[in-house]
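Data block below; observations after.
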Amino acid sequence: MKSPLLSLPGAVPAEGADEGVAAHYGELFREQRALADGTGFVDLSHRGVVTVTGSDRLSWLHLLLTQHVSELPAGRATEALILSANGHIEHHLSLVDDGETTWAHVEPGTQDALIAYLESMKFFYRVEVADRTDEIAVVHLPAGSIAAVPAGATVRETAYGRDLFLPRADLETFAADHGPAAGLLAYEALRVEAHRPRLGFETDHRTIPHELGWIGSAVHLEKGCYRGQETVARVHNLGKPPRRLVFLHLDGSEVHLPVPGTPLHLATEGAEGRKLGFITTAVRHHELGPIALGLIKRNVPVDAGLVAGDTAAAQEVVVEP
């Protein structure tokens with residue numbers, strides 16, 4: 001779905017999974033600094049929006065999600081996963097309940113599969129699941145923003161800022177009142193700086209929550225059964241995940257960033273050595289320079305120098321080995 005804000009001056013369309021909104025508006029680092037200072041907003045209107053209504057909505061979702069939501073207070077933001085039977089991550093939901101409706105925004109294009117799964121699990125519960133993507137858009141106000149929230153918008157407030165669910169028809173008016181706009185590249189740079197994983201970027205078909213540090217923030221360890229719980233409990237209590245998320249400082253002398261999937265090797269062995277993992281997201285940060293997230297084997301020493309292709313990479317621990 002193409003955002004009307006792509007008509008703003010300087011807008012350059014994003015590609016790939018983020019197609020439909022702006023990658024930037026011509027000044028990448030200015031946009032990053034604005035977000036870091038708590039000004040402007042980010043157009044996330046390409047993300048899927050799903051709602052659940054009905055008197056059983058929270059108790060029903062509690063049975064399906066990795067998060068404890070049966071007594072979720074109105075207005076409190078949380079995040080949750082849906083796992084496969086083997087504990088692999090299938091969906092990530094950014095949630096808030098307004099007292100009558102549970103709102104979730106999800107990765108672009110994933111809402112159809114999510115809704116199909118939810119519909120298959122309704123049984124006798126008094127719930128209604130709806131795809132609201134065509135009528136509701138998500139926009140992000142950064143942490144520290146003092147911008148007014150439009151009347152009628154549902155707010156999901158986190159330590160990283162406020163996600164607003166507002167009528168898609170109001171996007172252009174919102175932009176005029178809350179500018180300047182910042183693009184997805186600025187938003188992604190701050191996400192990587194904060195070590196925040198993203199479904200489809202830091203995950204593949206075999207990722208389990210422990211590898212990304214989602215235990216606690218998206219997975220509650222003391223709630224009842226849900227699909228994939230056996231794997232979560234077993235790894236938490238008896239073992240370690242096979243891989244771990246890592247933050248990387250990249251060599252700033254390189255012109256090009258390593259693309260997602262670029263293999264990671266020990267610096268002492270070079271590109272011909274054993275593959276220890278891969279780059280998941282690489283960005284240019286306004287203060288830190290080129291940085292990245294990656295997934296590597298758990299037993300890689302935390303002080304080991306790495307290379308991503310030909311680019312030197314220094315580790316910072318995100319998930320303990």
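Table for the structure above
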| read-out | value |
| --- | --- |
| Nonlocal amide H pairs with Gly26, under 5 Å, H built at 1.01 Å | Val12 |
| Overall dimensions of the stretch 95-223 by Cα: Rg and Dmax, Å | 16.5, 47 |
| Partner aspartates and glutamates for Lys275 [C-alpha distance under 14 Å; skip if fewer than 8 residues away on the same chain] | Asp310 |
| Centre separation in Å (Cα based) which lies between the stretch 159-181 and the stretch 233-269 | 34 |
| Per-residue ³J(HN,Hα) for the stretch 117-123, Karplus 6.51 cos²θ - 1.76 cosθ + 1.60, θ = phi - 60°, Hz, x for Gly and Pro | 5, 4, 4, 5, 10, 6, 6 |
| Rounded Å value of the spacing that divides the Cα centres of the stretch 35-57 and the stretch 58-105 | 14 |
| Cut-off 13 Å, label 7 Å out along Cα→Cβ of Thr268, residues of the stretch 233-255 by amide N | none |
| Helical mean residue ellipticity (222 nm; -39500 (n - 2.57) per DSSP H run of 4+; nearest 500) of the chain | -5000 deg cm²/dmol |
| Relative contact order of the chain, defined on C-alpha pairs under 8 angstrom at six or more residues apart (%) | 19 |
| Distant-in-sequence amide H partners of Leu264 (H built 1.01 Å from N, under 5 Å) | Leu276, Gly277, Phe278, Ile279 |
| Gaussian network model of the chain, Cα within-10 Å springs - most flexible of Ser59, Ser217, Ser253 | Ser253 |
| Dipole of the chain [Lys/Arg +1, Asp/Glu -1 at C-beta], most positive-end residue of Gly224, Thr281, Leu171 | Gly224 |
| Carbon/sulfur fraction of accessible area - the stretch 174-307, other protein chains in place, 1.4 Å, % | 53 |
| Magnitude of the charge dipole, the chain, Cβ model with Lys/Arg +1 and Asp/Glu -1, debye to 20 | 820 |
| D_trans [Stokes-Einstein, Kirkwood Rh over alpha-carbon pairs] for the stretch 1-96, 25 °C, 0.890 mPa s, µm² s⁻¹ | 151 |
| Alpha carbon Rg of the stretch 191-321, scaled by the compact-globule rule 2.2 N^0.38 Å | 1.09 |
| Size descriptor, Kirkwood hydrodynamic radius, that averages inverse alpha-carbon separations across the chain, Å | 20.6 |
| Accessible area (Å², per residue) of the chain, counting only protein heavy atoms and a probe of 1.4 Å | 44 |
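The values are calculated or read from the model by the stated rules, or taken from the named source; none is laboratory data. Note that the structure is a prediction, hence the values are computed from the model and not measured. Every residue, glycine among them, receives a Cβ derived from its backbone with ideal geometry; neighbour counts consider all protein chains shown. When the accessible area is computed, the model is the full protein with side chains, heavy atoms only, and any ligands, DNA or RNA have been set aside. Shrake-Rupley method; radii C 1.70, N 1.55, O 1.52, S 1.80 Å.
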